[in-house]
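The structure appears right after this line, and notes come after that.
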Amino acid sequence: SGGSRLLERIRKWYYNAAGFNKYGLMRDDVLHEDDDVKEALKRLPEHLYNERVFRIKRALDLSLKHQILPKDQWTKYEEDHRYLEPYLKEVIHERHEREAWNKK
């Protein structure tokens, strides 16, 4: 429908306006690292963790040099996947279970 297309365009605009993609970062790379995120990061497979570290180090280097990647290397909205989300959901679910158990 027209409303969902408009919403998708707004999401893409906001994604690009946020600017992290110009450094080659993904959404999950810029999450605030609270205790849940830190635990989820520990559970990432090694190759995903290494890819994340590479993206973050490259972004820091670019930022220090006051540069961004060439446009063809920006992370595209359609290619950004929430690689941390399944692990984060699991961690949050486990924390909620622990909290419920401790209330008994």
*For Arg52, Arg58, Arg98, Arg9, write out the residues from largest to smallest accessible area, computed with a 1.4 angstrom probe and no ligands counted.*
Arg9, Arg98, Arg58, Arg52
_What is the percent carbon and sulfur in the accessible area of region 1-101, measuring with a 1.4 Å probe over the protein chains and ignoring ligands?_
56
*Under the rule of -39500 (n - 2.57) per DSSP H run of 4 or more residues, summed and divided by the residues of the chain, what mean residue ellipticity at 222 nm is obtained, to the nearest 500 deg cm²/dmol?*
-20500 deg cm²/dmol
_Please compute the per residue accessible area over the chain with all protein chains in place, 1.4 Å probe, rounded to a whole number of Å²._
75
*In Å, what Rg and Dmax follow from the Cα atoms of region 1-41?*
13.8, 40
*Which Cα, out of His93, Ala40, Asn50, lies furthest along the positive dipole direction of region 1-101 (beta carbon charges, K/R +1, D/E -1)?*
Asn50
*In debye to the nearest 20, how big a dipole does region 1-101 give about its Cα centre with +1 on each Lys and Arg Cβ and -1 on each Asp and Glu Cβ?*
580
*Regarding the chain, what whole-number volume in Å³ per residue does the convex hull of its Cα atoms give?*
138
*asked:* Net charge within 13 Å of Gln73 by Cβ-Cβ distance, Lys/Arg positive one each and Asp/Glu negative one each, not counting Gln73 itself?
replied: +3
*Counting other Cβ atoms within 10 Å, keep those with at most 16, restrict to DSSP loop, and tell me which GluC sites (Glu not before Pro) in region 1-45 are left.*
Glu33
*Provide the solvent-accessible area of Val53, counting protein heavy atoms only and rolling a 1.4 Å probe, rounded to the nearest 10 Å².*
40
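The values are calculated or read from the model by the stated rules, or taken from the named source; none is laboratory data. Computed from a predicted structure; not experimentally measured. Positions of Cβ are backbone-derived with ideal geometry, glycine not excepted, and every protein chain shown enters the neighbour counts. The accessibility values were calculated without ligands, DNA or RNA, using every heavy atom of the protein model including side chains. Shrake-Rupley method; radii C 1.70, N 1.55, O 1.52, S 1.80 Å.
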